[in-house]
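Asker: Before I ask anything, here is the structure I am working with.
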Amino acid sequence: MRITTWNVNSIKQRLPHLLGFLEEAKPDVVCLQELKCQDEGFPRAEVEGAGYAVETLGQKAYNGVALLVRAPLTASEIRRGLPGDGEDVQARYIEAVVSGEGSPPIRVASIYLPNGNPVDSPKYPYKLAFLERLRLHARDLARLEVPVVLAGDYNVIPQAEDAADPEAWRHDALFLPASRAAFRALLAEGYTDAVRACDPRDGLYTFWDYQAGCWQRNQGIRIDHLLLSPQAADRLVSASVQKHLRGLDKPSDHVPVTVRLSDG
DNA sequence: ATGGCCGCCCCAGGCGGA
């Protein structure tokens, strides 16, 4: 079972790259973020044609998340939106139970956490509140004692080792102590950062800004994460970053990150 | 020289991203 998370920065712009990735990697589940379209604008027929069922939570112009599930696996118990704030209309969370092929069901979420900049605006408290809501929901899911994968663009650089130039991020919402503490609090609910658990090396990035030649100079950061509940972590085989996609024409500024879990 | 982009939307400059 392979599960990928990828912030595509516009599904319409990135559809060719997505279809190429599905064909070459054949992941079982794909968590997409930043669709930047409404549900009716999602290129559903093309993705279904590649062999995937599609569940979306879209929004005009901004945000938007989706889950793709490769047949014969199926998605059920779809949850759209993160609990805890009925006023929150931003499309940042979708969750489902993925089952089939004789292996135990896995609960998977596609998450697009708020960026939070500028930090002196209401956007930063919204980010911290969203992280706290996610912690409470993650705690509820952990109590089910089943495999859970919380995957997405967390917009948090967990540690200095996760940035090529940590000093440049010192006062940024992605790296402020309160942001990192909220991420650690999430892990403290019993979750494992799959990439970090598989590879202790520095210099493993998932995002390179379009500006300032960041890709060419490898000025990246690691902000796309897959957090595993204990029952999912017990099955963790490997984790990898599909860095090559950043080098294509018209790339997303994020690349896919994939975990492999053992079956059964 | 410390900036350099990209995608969205009532089509064009402002907003959001990170």
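Asker: If A:Leu227 meets every condition in (1) surrounded by fewer than 20 Cβ atoms within 10 Å (Cβ to Cβ); (2) within 23 Å of A:Arg184 (Cβ to Cβ) apart from one, which number is that one?
Answerer: In the conditions (1) surrounded by fewer than 20 Cβ atoms within 10 Å (Cβ to Cβ); (2) within 23 Å of A:Arg184 (Cβ to Cβ), A:Leu227 misses (1) alone.
Asker: Shifting gears a bit: Among what's in the stretch A:178-207 and is away from DNA strand B (no atom under 16 Å from the Cβ) and of a type in the set (Lys, Arg), pick the residue that is farthest from A:Gln231 (Cα to Cα).
Answerer: That would be A:Arg201.
Asker: If you take the residues of the stretch A:1-10 that are closer than 14 Å to A:Gly64 by Cβ and part of a loop (DSSP other than H, G, I, E, B), which of them is farthest from DNA strand B (Cβ to nearest atom)?
Answerer: Step by step, filter the stretch A:1-10, then rank; the result is A:Val8.
Asker: Now a separate question. Report, by residue number, each residue of the stretch A:11-50 that is under 11 Å from A:Leu68 (Cβ atoms) and of a type in the set (Gly, Ala, Ser).
Answerer: A:Ala50
Asker: I would also like to ask the following. I'm trying to understand the selection: among the residues of the stretch A:93-134, which are aliphatic (A, V, I, L, M) and surrounded by fewer than 21 Cβ atoms within 10 Å (Cβ to Cβ)? Let's see the steps before the verdict.
Answerer: Here is the first cut: in the stretch A:93-134, the residues aliphatic (A, V, I, L, M) are A:94, A:96-98, A:106, A:108-109, A:111, A:113, A:119, A:128-129, A:131, A:134.
Answer for the stretch A:93-134, where residues must be aliphatic (A, V, I, L, M) and surrounded by fewer than 21 Cβ atoms within 10 Å (Cβ to Cβ): A:Val97, A:Val119, A:Leu128, A:Ala129.
Asker: Cβ-Cβ below 7 Å, separation at least six or inter-chain, first residue in the stretch A:83-98 and within 17 Å of A:Gln38 (Cα to Cα), second among the basic types (Lys, Arg) and outside any strand (DSSP E or B): which pairs?
Answerer: Cβ pairs passing all conditions: none.
Asker: Moving on to the next point. From the list A:Ala151, A:Ala194, A:Ala142, A:Ala178, which one is at pLDDT 95 or above and over 25 Å from A:Ala66 (Cβ atoms)? Full working, then the answer.
Answerer: Values: A:Ala151 fails: over 25 Å from A:Ala66 (Cβ atoms); A:Ala194 fails: over 25 Å from A:Ala66 (Cβ atoms); A:Ala142 fails: over 25 Å from A:Ala66 (Cβ atoms).
Of the residues listed, the single one that is at pLDDT 95 or above and over 25 Å from A:Ala66 (Cβ atoms) is A:Ala178.
Asker: Going by what's in this entry, would A:Val108 be described as away from DNA strand B (no atom under 14 Å from the Cβ), in a strand (DSSP E or B) and touching a residue at least 60 places away in the same chain (Cβ under 8 Å)? Spell out the reasoning first.
Answerer: Numbers: away from DNA strand B (no atom under 14 Å from the Cβ): yes; in a strand (DSSP E or B): yes; touching a residue at least 60 places away in the same chain (Cβ under 8 Å): yes.
Considered against the rule, which asks whether it is away from DNA strand B (no atom under 14 Å from the Cβ), in a strand (DSSP E or B) and touching a residue at least 60 places away in the same chain (Cβ under 8 Å), A:Val108 comes out as yes.
Asker: Can you report the number of residues in the stretch A:135-177 which are more than 16 Å from DNA strand B (Cβ to nearest atom), more than 24 Å from A:Arg260 (Cβ to Cβ) and buried (at least 17 other Cβ atoms within 10 Å of the Cβ)?
Answerer: Qualifying residue count, the stretch A:135-177: 2.
Asker: In the set A:Leu22, A:Leu57, A:Leu67, which member is aliphatic (A, V, I, L, M) and closer than 22 Å to A:Tyr126 by Cβ?
Answerer: Values: A:Leu22 fails: closer than 22 Å to A:Tyr126 by Cβ; A:Leu67 fails: closer than 22 Å to A:Tyr126 by Cβ.
The unique qualifying residue is A:Leu57.
Quick grid of which residues meet (1) within 28 Å of A:Ala182 (Cα to Cα); (2) within 12 Å of DNA strand B (Cβ to nearest atom); (3) over 16 Å from the mean Cα position of the chain (by Cα):
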| residue | (1), (2), (3) |
| --- | --- |
| A:Ala212 | no, yes, yes |
| A:Arg222 | yes, yes, no |
| A:His225 | yes, no, no |
| A:Gln231 | yes, no, yes |
| A:Arg235 | yes, no, yes |
| A:Lys250 | no, yes, yes |
| A:Pro256 | yes, no, no |
| A:Leu261 | yes, no, yes |
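Asker: Of the conditions (1) within 23 Å of A:Asp140 (Cβ to Cβ); (2) at pLDDT 95 or above; (3) crowded, with 16+ Cβ neighbours inside 10 Å, A:Asp88 satisfies every one except a single condition; which number is it?
Answerer: If we test A:Asp88 against (1) within 23 Å of A:Asp140 (Cβ to Cβ); (2) at pLDDT 95 or above; (3) crowded, with 16+ Cβ neighbours inside 10 Å, just (2) comes out false.
Asker: Sticking with this structure for a sec: How many of the residues in the stretch A:178-203 are buried (at least 18 other Cβ atoms within 10 Å of the Cβ), out of contact with any strand residue (DSSP E or B) (no Cβ under 6 Å at 6 or more places or on another chain) and not charged (D, E, K, R)?
Answerer: 5
Asker: Now for a different question. If I filter the stretch A:21-40 down to residues being in contact with a strand residue (DSSP E or B) (Cβ under 6 Å, 6 or more places away or on another chain) and not in a loop (DSSP other than H, G, I, E, B), which single residue comes out as farthest from A:Ala109 (Cα to Cα)?
Answerer: A:Asp39
Asker: Only one of (1) within 13 Å of DNA strand B (Cβ to nearest atom); (2) buried (at least 16 other Cβ atoms within 10 Å of the Cβ) is not met by A:Gln13, so which one is it?
Answerer: Going through the list (1) within 13 Å of DNA strand B (Cβ to nearest atom); (2) buried (at least 16 other Cβ atoms within 10 Å of the Cβ), A:Gln13 breaks only (2).
Asker: Out of the residues in the stretch A:16-59 that are farther than 25 Å from A:Gln90 by Cα and within 12 Å of DNA strand B (Cβ to nearest atom), state the one that is nearest to the chain's Cα centre (by Cα).
Answerer: A:His17
The values are calculated or read from the model by the stated rules, or taken from the named source; none is laboratory data. Owing to the predicted nature of the structure, the values given are computational and were not obtained by experimental measurement. Ideal geometry is used to build each Cβ from the backbone, glycine not excepted, and the neighbour counts take in all protein chains shown.
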